[in-house]
Amino acid sequence: MTSIRKILSALVVGFSVVSPHAEAAFPTIALKAVCLQQIHSPTTIAYAPDGSGRVFVCDQLGKIYIIQGGMLLPTPFLNIASPSNTLPADRGPGPVLALNTGYSERGLLGLAFHPGFANPLSPGYRKFYVNYTKSYVPGSPDFDPAAAGVGDPVNCVTVIAEFQVSPTDPNVALPGSERRLLRYTQPQSNHNGGQVEFGPDGYLYIGAGDGGGSNDNNAGHAGGSTLLPTNNLGNGQDKTRFLGKILRIDPLDPDGAGPLTYGIPPSNPFVGAGGGVKEEIYSYGMRNPWRFSFDKRPGGTNRLFCGDVGQGRIEEINLIVAGGNYGWHYKEGHEFPTFSSGAPTNPMPDPGNGPYIAPIASYAHPGVTTTSPVLPQLGLSVTGGFVYRGPAIPAMQGKYVFGDYGSTAGASDGRVMGLEEDAPGGGVFTLTQAIPIFGLANPIVNQRILCLGEDESGEIYIGMKTNAGVLALDGGLPAGGIYKIVPIQNVSKPIVAAKDNTIFSDTVPVLPTTGYPSDALGFLYAGRTGTNHGPYLRRALISFDIASQIPAGAVVQSAQLNLRLTKLGPASFGQPMTLHRLTETWGEGFSMNPNDVGTGAQATVGDATWASRFFGTAAWTTLGGTFNATATATSAVAFPTTTFASNAQMVSDVQTWVNSPASNAGWILRGNETLDETAVQISSVQKGPTPPTLQVSYLASAPPTHFESWLATNFPANRIGQYVDPSADFAGDGVSSLVKYAYAFPPFIPLPPEAGIQGVLTTLGANDIFTYTFPRDPLATDLTYEFQSTEDLVTWSTITTSIGGAVSSGPAFVEENGSDILYVTVREIFPSPAKRFVRLRITRTQ
């Protein structure tokens with residue numbers, strides 16, 4: 001599997017007001033995998049407004065999952081999947097209709113939490129709402145003749161329902177609490193819309209597609225299968241039908257008893273219109289408003305952005321206003337659609353129902369070149385998004401991020417795009433056709449974009465899928481994935497050489513044995529000696545462990561090498577030194593000249609010498625080291641520091657080592673090898689004040705959290721975001737995995753007795769002093785430690801609390817450095833004689 005994957009003050013009439021050729025100033029983003037291979041088809045990503053930080057994901061088959069603490073909880077928050085699904089793991093009690101491995105637009109499509117969800121005084125307390133489709137059973141109460149034409153075909157029924165959360169477990173909903181608010185039939189299987197979202201006014205907005213088929217003129221569509229000028233409304237234009245609209249209701253039960261199940265806001269634009277007009281309608285002329293969102297966070301405009309999926313030519317983003325007509329089926333985007341199936345006229349006749357509100361952005365399908373104006377060919381099915389108002393990426397503030405299911409690169413390659421308003425409130429937007437994604441192509445190969453969503457802090461997530469079928473698997477596992485948009489990091493860090501050595505051209509060894517000298521543990525030398533000793537050449541070998549210091553996928557921006565010189569030859573100052581990339585690996589043994597005179601010592605096994613890459617094992621292809629003839633960098637000898645400034649080749653060398661660690665043989669340093677007395681002595685890893693240091697600046701996506709790294713190390717077979725029970729005792733020693741994490745200890749190894757809480761009792765005068773020590777991993781900043789004591793095992797008092805590594809309460813809290821962890825000492829004083837029981841309560845806060 002691919003690891004990866006306001007409302008306007010006036011109606012805008014006419015052509016699209018997007019600037020299609022300009023590129024907006026979107027920052028480069030990164031996509032962080034949050035949950036992979038555990039969800040089939042993510043259709044909605046939402047949050048509960050309760051401060052919990054939980055992320056809720058709708059799986060199209062009929063399940064809602066919770067992502068908490070970076071893991072997908074294994075028990076669904078709500079399971080209303082069909083009992084008829086093929087695999088037992090995909091089944092539930094219903095009522096969502098059965099789905100299979102084929103493509104479908106039906107299922108569990110929307111989720112929204114009431115704004116008063118966390119307020120016990122609110123009538124919306126613990127209430128949430130879903131949009132799903134169920135099978136139609138003739139004669140059942142799910143058929144509302146007023147919601148469709150008499151005699152219309154019925155493929156399925158859309159249900160808007162209310163559920164409640166368990167009063168004892170916030171991670172479990174009550175399936176039996178379902179209260180069905182609104183039901184309307186769908187004549188075909190597609191174009192179901194599906195979004196439910198609370199607006200800043202506290203009302204519930206519902207996206208309803210035109211009912212399916214093509215052209216909005218099939219059976220079950222106003223006007224039927226004809227397109228006569230006198231009867232060609234289609235569902236999108238027929239205000240006596242729910243289909244092809246955005247609806248607005250007050251979802252709370254008006255009287256607590258039937259038959260009323262919801263209220264109609266009196267400010268809805270068609271209240272009192274009569275003639276069978278649905279008063280629930282907020283806007284109309286929509287084809288398939290798959291995803292929409294409000295810009296309702298602090299700093300937002302409260303405007304409603306909607307991605308309306310086009311038919312054969314154009315995709316569009318609209319700003320939705322009360323009573324607005326967005327043109328379908330007389331307009332597809334900004335133009336009159338050309339219909340081919342059953343149309344007596346071509347193009348579609350417009351009976352003058354306008355004015356029609358033009359989209360704020362539109363783009364064409366692959367191969368569509370005849371639009372006017374000509375639009376960029378970007379995708380096949382728009383996936384509406386969100387205006388970014390999160391704190392993590394300031395450069396993206398106020399910009400609208402959205403996607404497309406499949407791009408010009410193929411129906412399987414999703415595209416991430418953006419809109420930026422040219423002037424606040426002006427209604428003119430610049431389209432960014434592909435937001436730059438760090439380390440990935442955009443469109444994203446083999447990732448269909450199904451939805452975008454937000455967490456409670458305003459950060460944006462993308463739900464993707466590697467194949468088209470709802471329950472189709474990828475490598476035997478669910479094909480869906482949840483990714484978070486995160487900032488890239490510009491990191492600058494010094495990297496100290498991992499190993500170094502000097503090779504000498506001297507053929508007469510220092511010690512009475514054969515071979516060339518080496519000096520693995522001594523100073524480094526480079527240049528040419530004088531005639532009193534030679535003259536001979538010295539070359540320094542330097543290697544940096546790039547793979548462990550720079551993450552895979554990083555993009556190197558600069559690289560500068562700093563060398564600390566400790567001695568200069570009489571003619572060395574100002575002489576050129578060159579750095580060359582080695583093409584063969586070499587060794588660092590244990591040779592060392594104890595006198596530091598630059599003549600080397602007898603090579604030991606594995607050492608690099610003038611002739612050998614590894615003394616006694618492998619020879620250089622070329623005497624004196626095998627390296628690129630063209631220098632990577634050149635510098636003049638300076639004291640005390642000689643610097644090889646960053647250049648394109650330095651960056652290229654380091655980038656190559658990031659991309660291909662096996663090719664990293666390091667550099668060889670050469671002085672002026674034609675002039676006597678130019679040799680210099682340089683600090684090495686083992687000798688001198690400062691070792692060779694490479695200062696590297698690079699771009700990288702956010703590194704894994706400490707907890708994510710702990711999981712990856714200890715549970716390498718787990719999928720990303722797979723749940724690990726914090727209370728599980730994997731070693732059978734009575735210690736939970738969370739405590740092992742807090743102690744920086746592997747979960748599968750028994751914890752030694754001395755690694756737990758250690759207590760000492762001291763009696764001083766009339767008081768007993770209890771002193772306790774326990775370990776704490778200082779890198780586990782997502783933990784809260786509460787050290788508590790009791791006399792009766794019933795009432796516990798907290799002595800001290802540490803949150804994220806900082807003491808927030810408690811007078812006696814001391815930390816001492818250990819080898820890998822901190823040791824925390826807590827003191828408690830009680831009158832003698834006293835008995836105490838203590839415990840350390842650990843919880844993850846992220």
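The values are calculated or read from the model by the stated rules, or taken from the named source; none is laboratory data. Quick caveat, the model's predicted, so the values are computed rather than measured. FYI the Cβ positions are ideal-geometry reconstructions off the backbone, even for glycines, and counts take in every protein chain you see. With ligands, DNA and RNA removed, areas are computed over all heavy atoms of the protein, side chains included. Shrake-Rupley method; radii C 1.70, N 1.55, O 1.52, S 1.80 Å.
Strands (runs of 3 or more DSSP E) fully within segment 663-774 that include at least 1 residues being at pLDDT 95 or above and open to solvent by 40 Å² or more (accessible area, probe 1.4 Å): 667-670, 693-701. Selection of segment 441-465 for residues being surrounded by 24 or more Cβ atoms within 10 Å (Cβ to Cβ) and part of a loop (DSSP other than H, G, I, E, B) yields only PRO443. Within segment 572-589, residues that are more than 22 Å from THR678 (Cα to Cα) have Cβ atoms under 6 Å from residues that are of a type in the set (S, T, N, Q) and assigned to a loop (DSSP other than H, G, I, E, B) in these pairs: THR583/THR626; GLU584/THR626; GLY589/THR604, counting only partners at least 6 apart in sequence or on another chain.
Out of all the residues in segment 313-349, which are of a type in the set (Gly, Ala, Ser) and either at pLDDT 90 or above or in contact with a strand residue (DSSP E or B) (Cβ under 8 Å, 6 or more places away or on another chain) (or both)? Scanning segment 313-349 gives ALA322, GLY323, GLY324, GLY327, GLY333. For the subset of segment 281-313 comprising residues that are surrounded by fewer than 24 Cβ atoms within 10 Å (Cβ to Cβ) and of a type in the set (Lys, Arg), which member is farthest from the chain's Cα centre (by Cα)? Only one residue tops the list, namely ARG313.
When GLY69, GLY62, GLY110 are screened for being touching a Phe, Trp or Tyr at 6+ places or on another chain (Cβ under 9 Å) and at pLDDT below 95, only GLY69 passes.
Screening HIS191 with (1) surrounded by fewer than 24 Cβ atoms within 10 Å (Cβ to Cβ); (2) assigned to a loop (DSSP other than H, G, I, E, B) gives one miss only, at (1). Scanning segment 262-280 for residues being open to solvent by 40 Å² or more (accessible area, probe 1.4 Å), closer than 28 Å to PHE128 by Cα and either in contact with a Ser or Thr (Cβ under 7 Å, 6 or more places away or on another chain) or small (Gly, Ala, Ser) (or both) gives a total of 1. For the criterion of being surrounded by fewer than 23 Cβ atoms within 10 Å (Cβ to Cβ) and in contact with an Asp or Glu (Cβ under 6 Å, 6 or more places away or on another chain), LYS499 passes. Of all residues in segment 425-440, exactly one satisfies the criterion of being part of a strand (DSSP E or B) and in contact with a Phe, Trp or Tyr (Cβ under 6 Å, 6 or more places away or on another chain), namely THR432. With respect to being in a loop (DSSP other than H, G, I, E, B), hydroxyl-bearing (Ser, Thr, Tyr) and either closer than 30 Å to LEU319 by Cβ or modelled with pLDDT under 95 (or both), TYR205 falls outside the description.
Residue count for segment 394-427 under the criterion of being open to solvent by 10 Å² or more (accessible area, probe 1.4 Å) and under 22 Å from the mean Cα position of the chain (by Cα): the result is 10. Filtering GLN447, GLN397, GLN377, GLN433 for residues that are touching a His at 6+ places or on another chain (Cβ under 7 Å) and not aliphatic (A, V, I, L, M) leaves a single hit, GLN377.
Yes or no: segment 220-234 includes at least one residue that is in contact with a strand residue (DSSP E or B) (Cβ under 7 Å, 6 or more places away or on another chain), of a type in the set (A, V, I, L, M, F, W, C), under 17 Å from GLY324 (Cα atoms) and buried (at least 20 other Cβ atoms within 10 Å of the Cβ).
no
Of the residues GLY300, GLY352, the single one that is assigned to a loop (DSSP other than H, G, I, E, B) and modelled with pLDDT under 95 is GLY352. With respect to the conditions (1) modelled with pLDDT of 95 or more; (2) part of a loop (DSSP other than H, G, I, E, B); (3) under 26 Å from PRO640 (Cα atoms); (4) open to solvent by 30 Å² or more (accessible area, probe 1.4 Å), GLY522 falls short on a single one, namely (4). Scanning segment 194-219 for residues that are open to solvent by less than 10 Å² (accessible area, probe 1.4 Å), among the small types (Gly, Ala, Ser) and under 25 Å from PRO95 (Cβ atoms) turns up GLY194, GLY207, ALA208, GLY209, GLY211, GLY212.
Among the residues of segment 270-295, those identified as touching a strand residue (DSSP E or B) at 6+ places or on another chain (Cβ under 7 Å) and not in a strand (DSSP E or B) are PHE270, GLU280, GLY285, MET286, ARG287, ASN288, ASP295. Checking GLY102, GLY139, GLY124 one by one, the residue that is over 25 Å from SER41 (Cβ atoms) and either surrounded by fewer than 18 Cβ atoms within 10 Å (Cβ to Cβ) or among the aliphatic types (A, V, I, L, M) (or both) is GLY139 and no other. For LYS484, the test of being part of a strand (DSSP E or B), within 30 Å of CYS58 (Cβ to Cβ) and of a type in the set (D, E, K, R) is passed.
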